[in-house]
Each structure stands twice: as C-alpha cells, then as structure tokens.
1. Quick test for you: out of V79, V93, pick the one residue that is over 15 Å from E46 (Cα atoms), aliphatic (A, V, I, L, M), in contact (Cβ under 8 Å) with a residue 12 or more places away in the chain and assigned to a strand (DSSP E or B).
2. Could you check the stretch 10-29 and list, in sequence order, the residues that are surrounded by 13 or more Cβ atoms within 10 Å (Cβ to Cβ) and not small (G, A, S)?
3. Look through G42, G56, G35 and report the one residue that is in contact with a Cys (Cβ under 8 Å, 6 or more places away or on another chain) and either part of a loop (DSSP other than H, G, I, E, B) or open to solvent by less than 60 Å² (accessible area, probe 1.4 Å) (or both).
4. Would you mind telling me which numbered condition in (1) under 29 Å from A14 (Cβ atoms); (2) open to solvent by 20 Å² or more (accessible area, probe 1.4 Å); (3) not polar (S, T, N, Q) V64 fails?
5. Please find, among P105, P88, the residue that is modelled with pLDDT under 95 and open to solvent by less than 60 Å² (accessible area, probe 1.4 Å).
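The values are calculated or read from the model by the stated rules, or taken from the named source; none is laboratory data. What you see is a predicted model; the values in this text were computed from it and never measured. Ideal geometry is used to build each Cβ from the backbone, glycine not excepted, and the neighbour counts take in all protein chains shown. Accessible surface is based on the protein model in full, side chains and every heavy atom, while ligands, DNA and RNA are left aside. Shrake-Rupley method; radii C 1.70, N 1.55, O 1.52, S 1.80 Å.
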Amino acid sequence: QVQLVESGGGLVQAGVSLRLSCAASGRTFSTYAMGWFRQAPGKEREFVAAISWNGGRRSYADSVKGRFTISRDNAKNTVYLQMNSLKPEDTAVYYCAARASIMLPTTNYDYWGQGTQVTVSS
C-alpha cells in the first residue's frame, strides 16, 4: 500500500500563489505516475494535473493550464503543485493520487491522499 499526505493548503486572496506538497511512503515512489485532483463543494472530483514516473511528461486540465505547474522530487518522495494566479473558482479540496504506470494517466489512480483545503477569496 502507498500512503499519500497532502499539505500546503489554506485561505488566500485571488491572484496569490500557493504550493501544495504530497509526501509518499510505503512503496517505491519513483515507479508511480502522480496526479492532482480537486473537488469543489457540490461538484464532482475533477482532474487537475499529472506527471509521469520520471517527471518527463506533464498534463493539465484546461482550466489551470498556464497557471499551475506539477513537479516531483523522487529523492524526497514528494510531488508538488505550484498554483499561481489563483481564482475563486479554484476553491476546492485538493487530492494527490498515485498509479503504478509508465504512462501519463488521467484516470484509474490506485492510491489517494486525504486532501487539503484550498480556499480563494475575491
């Protein structure tokens, strides 16, 4: 089993930047593709970003493209989501997820963190 713990969420004003972190343990982190998802109140969980096992490929939802950056540090067993120019529409619980894949998956992740709240005020 893989354990994932997110951190870095908070309450910020629109236009501010925030960086989320996800620390992994329990398995060999470097073999997993990693993703970020979010769920706003009353809405379904949606894909935000993904990064391949070696960090060579990245994918983003259209709503965050150009503002968010996903990265990873396999030596530290950690994946990051740098969020710039935050908007109220970004308010959600953000989850990191892991999948044993050499591809760049946007679905069928196997392990999930507990989530961290991001609230963006106008």
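1. Unique residue meeting the criteria: V79.
2. Listed by number, the residues that qualify are V12, V16, L18, R19, L20, C22, R27, F29.
3. Values: G42 fails: in contact with a Cys (Cβ under 8 Å, 6 or more places away or on another chain); G56 fails: in contact with a Cys (Cβ under 8 Å, 6 or more places away or on another chain).
Result: G35 is the single residue among G42, G56, G35 that is in contact with a Cys (Cβ under 8 Å, 6 or more places away or on another chain) and either part of a loop (DSSP other than H, G, I, E, B) or open to solvent by less than 60 Å² (accessible area, probe 1.4 Å) (or both).
4. Evaluating V64 over (1) under 29 Å from A14 (Cβ atoms); (2) open to solvent by 20 Å² or more (accessible area, probe 1.4 Å); (3) not polar (S, T, N, Q) leaves (2) as the failure.
5. P105 is the lone residue from the list that is modelled with pLDDT under 95 and open to solvent by less than 60 Å² (accessible area, probe 1.4 Å).
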